[in-house]
1. Considering only the range 45-64, I want to know if a residue exists there that is in a strand (DSSP E or B), out of contact with any helix residue (DSSP H, G or I) (no Cβ under 9 Å at 6 or more places or on another chain), closer than 30 Å to residue 7 by Cα and touching a residue at least 40 places away in the same chain (Cβ under 8 Å).
2. In this structure, does residue 168 turn out to be under 24 Å from the mean Cα position of the chain (by Cα), at pLDDT 80 or above, in the same structural domain as residue 89 (by TED's automatic domain parsing) and under 30 Å from residue 101 (Cβ atoms)?
3. Which members of the range 29-60 meet the condition of being at pLDDT below 90 and surrounded by 18 or more Cβ atoms within 10 Å (Cβ to Cβ)?
4. Just checking, which of 152, 137 is part of a helix (DSSP H, G or I), at pLDDT below 95 and under 25 Å from residue 62 (Cα atoms)?
5. Determine which member of the set 225, 208, 192 is at pLDDT below 70 and within 60 Å of the chain's Cα centre (by Cα).
6. Does residue 97 meet the test of being surrounded by 13 or more Cβ atoms within 10 Å (Cβ to Cβ) and modelled with pLDDT under 90?
7. Considering only the range 90-126, how many residues are over 32 Å from the mean Cα position of the chain (by Cα), touching a residue at least 24 places away in the same chain (Cβ under 8 Å) and in a helix (DSSP H, G or I)?
């Protein structure tokens, strides 16, 4: 990248790493001279003023200008557009910078996009020739940033809305399925005769199922293969006592 300008002691081109502070590059180039007025990141037309040299080098940083007042005077305050169309004459993208300026200034971003705002390459030619010294490129950059922000917000809003609608549909489906199950149960009870008798029959059937499961859950005794005669007598006696206390219960085989 290039480090130059009347405010640099030894202007030069240098290879540098991304993330290197601009202050380090300026120190490598001999530092500032007494004539330095302001610091520009980028070229004289596409560059922007940096208020500190602590900013890092990024991919788009191709030039650092430390200019003097004589080399690049501070532009006077912007005045009203006189519609001279000089900006249109020099635009390399064949856009209408004047119209883009009006739409960007009034925050009419939809109209700015209709006039191909994003085709602007931000070369700075329009601002350079503007007799009213309007910072046109700054308006375009601001409009682009606002449009990008709105797009991100719209995408997040659409995502949230889609999630909410999907949740509502899921809850409605669950409610409908629950209602259908209840309706089937009522129809089943009605087909069995209805009334209290059908309810009692359903309850008794459920109790019978629970009882069968409990009976099936019973497990046979373990570790009874190598019992002594005395141990077997003790087990038989315990089974007899259990049978006497609970007639109908199972005994250990």
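1. If we filter the range 45-64 for residues that are in a strand (DSSP E or B), which is where we start, we get 48-50, 56, 63-64.
Among the residues that remain, those that are also out of contact with any helix residue (DSSP H, G or I) (no Cβ under 9 Å at 6 or more places or on another chain) are: 49, 63.
If we keep only those that are closer than 30 Å to residue 7 by Cα too, we end up with 49, 63.
Keeping just the survivors that are touching a residue at least 40 places away in the same chain (Cβ under 8 Å) gives 63.
Yes; the residues of the range 45-64 include at least one that is in a strand (DSSP E or B), out of contact with any helix residue (DSSP H, G or I) (no Cβ under 9 Å at 6 or more places or on another chain), closer than 30 Å to residue 7 by Cα and touching a residue at least 40 places away in the same chain (Cβ under 8 Å).
2. Details: under 24 Å from the mean Cα position of the chain (by Cα): yes; at pLDDT 80 or above: yes; in the same structural domain as residue 89 (by TED's automatic domain parsing): yes; under 30 Å from residue 101 (Cβ atoms): no.
Judged against the criteria, residue 168 is not a match.
3. Those that are at pLDDT below 90 and surrounded by 18 or more Cβ atoms within 10 Å (Cβ to Cβ): 42, 46, 47.
4. Among 152, 137, only 137 is part of a helix (DSSP H, G or I), at pLDDT below 95 and under 25 Å from residue 62 (Cα atoms).
5. 192
6. Working: surrounded by 13 or more Cβ atoms within 10 Å (Cβ to Cβ): yes; modelled with pLDDT under 90: no.
Against the criterion (surrounded by 13 or more Cβ atoms within 10 Å (Cβ to Cβ) and modelled with pLDDT under 90), residue 97 does not qualify.
7. Residues in the range 90-126 being over 32 Å from the mean Cα position of the chain (by Cα), touching a residue at least 24 places away in the same chain (Cβ under 8 Å) and in a helix (DSSP H, G or I): 4 in total.
The values are calculated or read from the model by the stated rules, or taken from the named source; none is laboratory data. Fair warning: this is a prediction, and the values are worked out from it, not measured in the lab. Neighbour counts are summed over all protein chains in view; Cβ atoms, including those assigned to glycine, are modelled from backbone coordinates with ideal geometry.
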